[in-house]
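What follows is a short report on a single structure.
A short reminder: the numbers here are calculations on the coordinates, not readings from a lab. As the structure is a prediction and not an experimental result, all values here were calculated from the model. With ideal geometry, Cβ positions are generated from the backbone for all residues, glycine too; neighbour counts draw on all protein chains shown.
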Amino acid sequence: MKKILTIIGRDIKSGTRDWLIIYLSIAPILFALVIKGLMPGVESTTLNVVMQHDTPADISEYMESYFDVEYVSDLEAMNDRILRLDDVYGVVYDSNNEGFETIMQGNESADAHIALGLILDQYGLSEDTVLPVTVEFSDVGWEMSPLKLYGANIIILFTTVLGGMMILLNLVEEKMNNTLSAVNVSPITRTEFIIGKGSLGVLLALLGSIAVILILDFGSINYLMLLTSLLAISFISAIVGFGIGVVNDEPIAAIASMKVTFVPVLASIFGSMYLPEKWHFILFWSPFYWAYNSIRDILLKTAQWNQILLNSFIILVLTAILFFTLRKRIAHGLK
Amino acid sequence: MINVNGLYHAYEKGGPFAVKNAAFKVEKGEIFGFLGPSGAGKSTTQGILTGLLPLQKGEVTVAGCDMKKPKREIFNKIGVSFEQSNVYGKLTARENLNFYSKLFDVNTVDAGTLLKLVGLDHVADKKAGEFSKGMKHRLTFVRSMLNKPELWFLDEPTTGLDPAIASQIKDIIKEENNKGTTVFLTTHNMFVADELCDRVAFIIDGEIKLIDSPRNLKLKYGEKMVSVEHNEDGKLVKEQLSLIIKEDQDRLKTIISRGNIEIMHTKEATLEEIFIKVTGRGLK
């Protein structure tokens, strides 16, 4: 274990002196921040309101049937919330006049407040009352912003590939400096060396993905399921990283080779998004297809353990096939 | 310390042998020189002895370990210095040594002490990538001393170094040998081999042609001649005189008695001359 940690420690130390590796490490966080920056605009396609905690229960229930409702303690907190970047309308119930007061920042989407007004006007009226305009909400099944869901899933899959790239760059450094032969005449075993070299890449994939989940505020998803799926898919990126890293002694050429991994990643994502269900079988060969489905379900909080375990098992079988294909090349390259 | 018997190695299956039927022994505490030109099979043999290349055919034991299935623990006992410098350019000299020292299961020498030994203490915290070729070579050399090896493999330890540093490196080798370290020295530099080795092996085209001490080889293959430059009637005369032929012996006595000698030295053979004589090939 001491020797594995020594290898990891060396790679971290060396990585902090390489801009390419630093960029790879923070890239998932940067992408997540970009998506977070875009999200308020995207999420404003739904109506969000903020109300006070002391709002009567029946009004809260009515409002929650139409809007995403947040609650704050007082008017000052409501004003602060409204002034934030996204579109949120303040709704204050006036119990004396039995009416509503709406508070806006002034830069909200043009017609959204009209819908808000119509829905508020409708409150408390009997079913027999005839209004000039009838407001109806239909649910098309989206639980969250598509940008948030797909964006996070894509970043997470690419983060696992970036983990493979980190392994690759660390191996290319060994090849460039011809240091593998020096390691090979030390008492560290081949297995310890491989685990040490692979750990940082897998760790990057795990930490990067969790950072994405936290930045994009996915809340209480099942992290154990996410960890299981990430570990499974990280192995395949690690093997690709080893397979390419051990035969390259030039970082840019190695990264160019690693880019071939983007093909199955992108094919899996867009195939899964746009292909009809009956055509999905043509993506079954790609481990990223199974990982994409697992992560999507986890983010939507609809994932079941049996499905996650099955998908992870399929990924591991595909990983094993790739490993047996590349094992001689890796073993030879590590000599 | 090293036992090699019937060693063969080919880089391709069915291809030509890089090493053919090599057999030799290295005793504990000796400096054994492996001499040969580039491509002779020196590095291949050292690669097998250090476990970097698989043992295909033959019997090899190194420090008591059968190299057919070498155990990793053997690397606690041996040190290997490579011909080509191989250090992490992004790490400092001290970090390089500290990293490798943590890979050993035995007590190691302090990085600072080793760096001082080869005059790199003033650049201990400088990145090795910024080092000159000679500095990298010295760092590679001292790295092989980290675990105080019982058996020390040195591949061209003085190549590319200026004479002062090369002399320093040779002194370190002699000192470690005096402490009991066995040295397996691979080189094509006959002066280094002559100066350091107790015994040398000549290898060419993968075959060991002979093994003996430099002294024995010189006695066996050297000519008993004396080269003399002396003044005679105001002119500088150069002569090669045999120490065996009676006439030459008398002539030498006469020249010495006149006392006009400017330069005189024995014509003992160099290892390179012996190598050429034995193998018919040069060491380059």
- Item | Violating pairs (Cα-Cα greater than 22 angstrom) within the set A:LYS3/B:LYS136; A:LYS175/B:LYS127; A:LYS335/B:LYS69 | A:LYS3/B:LYS136
- Percent relative contact order of region B:223-267, based on C-alpha pairs within less than 8 angstrom and at least six residues apart? 52
- Across peptide B:82-89, how many C-beta atoms of other chains are within 10 Å of each residue C-beta, on average? 5
- Dipole in debye (nearest 20) - chain B, about Cα centre, beta carbon charges: Lys, Arg +1; Asp, Glu -1: 780
- Task: Principal axes first, then extents: for the Cα atoms of region A:46-122, list largest minus smallest coordinate on each axis, whole Å, largest first.
- Result: 29, 26, 21
- Ordering of B:154-164, A:13-23, B:91-101 by packing [mean C-beta count within 10 Å, highest first]: B:91-101, B:154-164, A:13-23
- Item | Label-to-label distance, nm, for residues given as A:ILE114 and A:THR102 (7 Å Cα→Cβ offset) | 1.1
- Message: Can you return the aspartates and glutamates within cross-link range of B:LYS209? Criterion is Cα-Cα under 18 Å, with same-chain partners fewer than 8 residues away left out.
- Response: B:ASP194, B:ASP198, B:GLU272, B:GLU273
- Task: Would you mind pulling out the separation of the Cα centroids of region B:54-110 and region A:229-297, in Å?
- Result: 37
- Which whole-number percent gives the relative contact order of region A:179-335, counting Cα pairs below 8 Å spaced six or more residues apart? 32
- Note on the structure: For chain A, the helices passing both cut-offs (Cα extent along own axis of 24 Å or more, Kyte-Doolittle mean at least 0.5, full DSSP H runs) are A:19-43, A:146-177, A:190-215, A:223-245, A:305-333
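Decide, for region A:232-335, between rounded, prolate and oblate: order the square roots of the alpha carbon gyration tensor eigenvalues as a ≥ b ≥ c, take rounded if a/c falls under 1.5, and otherwise choose prolate if a/b is larger than b/c, else oblate.
prolate
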- Message: With only alpha-carbon atoms in the gyration tensor, what are the semi-axes of the equivalent ellipsoid for region B:223-267, in Å, largest first?
- Response: 17, 11, 8
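For A:14-27, what's the mean count of beta carbons from other chains sitting within 10 Å of each residue's beta carbon?
1
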- Along the dipole axis of the protein assembly as shown (charges at Cβ: +1 for Lys and Arg, -1 for Asp and Glu; origin at the Cα centre), the most positive-end residue among B:ASN178, B:GLY14, A:VAL88 is B:ASN178
- Query: Is chain A rounded, prolate or oblate when judged by the Cα gyration tensor, a ≥ b ≥ c being the square roots of its eigenvalues, rounded requiring a/c under 1.5 and prolate requiring a/b larger than b/c?
  - Reply: prolate
- Just tell me the longest site-free run in chain A, where the sites are GluC sites (Glu not before Pro) in a DSSP loop having at most 13 other beta-carbon atoms within 10 Å. A:144-335
- Item | Size of charge dipole - region B:223-267 - debye, nearest 20, with Cβ of Lys, Arg +1 and Asp, Glu -1, no other charges | 120
- Normalised by the number of residues in chain A, what is the relative contact order in percent for Cα pairs under 8 Å and 6+ residues apart? 20
- Query: If you count, for every residue in B:99-112, the Cβ atoms of partner chains within 10 Å of its Cβ, what is the mean?
  - Reply: 4
- Task: Write out the GluC sites (Glu not before Pro) in region B:194-253 meeting two conditions: DSSP loop, and at most 15 other Cβ atoms within 10 Å of their Cβ.
- Result: B:GLU223
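Taking the Cα centre as origin and putting +1 on Lys and Arg beta-carbons and -1 on Asp and Glu beta-carbons, what dipole magnitude results for the protein assembly as shown, to the nearest 20 debye?
So the magnitude is around 5360 debye.
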- Note on the structure: Non-local residues with an amide H under 5 Å from the amide H of B:ASP212, with H modelled 1.01 Å from N and Pro and chain starts lacking one, are B:VAL200
- Under 30 Å Cα-Cα from A:LYS36, which lysines qualify once same-chain neighbours fewer than 8 residues away are excluded? A:LYS148, A:LYS259, A:LYS301
- Message: Assuming 0.36 nm per residue, please report the length gained on full extension of the stretch A:LYS335 to A:LYS301 beyond their Cα-Cα distance.
- Response: 7.7 nm
